[in-house]
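> There's a structure below that I have some questions on.
The values are calculated or read from the model by the stated rules, or taken from the named source; none is laboratory data. As the structure is a computational prediction, the values presented were derived from the model and not from experiment. Backbone-built Cβ (ideal geometry, glycine too); neighbour counts: all protein chains shown.
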Amino acid sequence: MRLILCSLLFITLSCAVTKEQKSDERVSLPPPHINCPENGDCLFEVFKNSALNLSYDSTGKLYPEVTEGEKIVIKYHYKRKTIENAMDSSYSEYVYFEFDPNDKQIILKDNELQKVKMVFGRICYCKGSMGYFPVREGNLFLFTSNGNLHVRTSFKINKVPQIIDQIDENIKF
């Protein structure tokens, strides 16, 4: 069964369309519209030779920071289109996680997601329901092969409403 799954995944990754890359260590790619709601824009970034540091500010709020390191950091950003003539209508969601470039396959569930420091962020003018939160409910499947990266995740944050609750992306980096 595992052999069949790996074979199907390999075929899927082999047929993936390659996307233009930047020459530096950071690759920014727009994901297909299946993962991005119609009322916004999405950006998928891969930071090579990086680390994901999770810090807390003076009020105790969590925030992620991408720094130099030995891992690969993934950043997914959804930005809703602003409402014309409406103040404070900006709204964004983020998903971050990191993994070792030597890991060819990662399968994690629920609290195991903290092994890759997975966090979800909701940034908006929504008093009391914004910030960054560790993801502790959901799953992550990641597979790398010859510069191809397949990320599939679904997750739930119970502390704040969310628009993005799944990502399914194939990229070449």
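> Just checking, does the range 103-118 include any residue being within 18 Å of residue 53 (Cα to Cα), at pLDDT below 95 and not β-branched (Val, Ile, Thr)?
Within the range 103-118 (the criterion being within 18 Å of residue 53 (Cα to Cα), at pLDDT below 95 and not β-branched (Val, Ile, Thr)), the answer is no, since none of the residues qualifies.
> Mind checking which residues of the range 35-92 are under 20 Å from residue 117 (Cα atoms) and over 16 Å from the mean Cα position of the chain (by Cα)?
Scanning the range 35-92 gives 49, 55, 56, 57, 60, 61, 62, 67, 68, 69, 70.
> Okay, moving on. Quick one: what pairs do we get from the range 57-83, first residue among the aromatic types (Phe, Trp, Tyr), second not in a strand (DSSP E or B), C-beta under 8 Å, 6+ apart or different chains?
Sorted first by the residue in the range 57-83, then by its partner, the pairs are 63/57; 76/31; 76/164; 78/36; 78/37; 78/163; 78/164.
> How about the range 37-62: which of its residues are part of a strand (DSSP E or B), surrounded by fewer than 16 Cβ atoms within 10 Å (Cβ to Cβ) and of a type in the set (Ser, Thr, Tyr)?
Correct list: 55, 56.
> Considering every residue within the range 68-87, establish whether at least one is modelled with pLDDT of 95 or more, part of a loop (DSSP other than H, G, I, E, B) and more than 23 Å from residue 42 (Cβ to Cβ).
Within the range 68-87, one or more residues are modelled with pLDDT of 95 or more, part of a loop (DSSP other than H, G, I, E, B) and more than 23 Å from residue 42 (Cβ to Cβ).
> Give the range 64-116 a look and list any residue that's farther than 19 Å from residue 138 by Cα and among the charged types (D, E, K, R), or say none.
Correct list: 65, 68, 70, 71, 79, 80, 81, 84, 88, 100, 103, 104.
> Right, here's the next one. Only residues that are surrounded by fewer than 13 Cβ atoms within 10 Å (Cβ to Cβ), within 27 Å of residue 147 (Cβ to Cβ) and of a type in the set (D, E, K, R): list them for the range 63-108, please.
Within the range 63-108, 65, 68, 70, 100, 104 qualify.
> Could you list all residues from the range 107-133 that are touching a Lys or Arg at 6+ places or on another chain (Cβ under 8 Å) and assigned to a strand (DSSP E or B)?
Within the range 107-133, 108, 131, 132, 133 meet the criteria.
> What pairs can you find where one residue is in the range 129-154 and among the charged types (D, E, K, R), the other is part of a loop (DSSP other than H, G, I, E, B), and their Cβ atoms are less than 8 Å apart, with a gap of 6+ or different chains?
Within 8 Å, the pairs are 137/156; 137/157; 137/158.
> Does the range 134-173 hold any residues that are within 13 Å of the chain's Cα centre (by Cα), crowded, with 19+ Cβ neighbours inside 10 Å and assigned to a loop (DSSP other than H, G, I, E, B), and which are they?
135, 164
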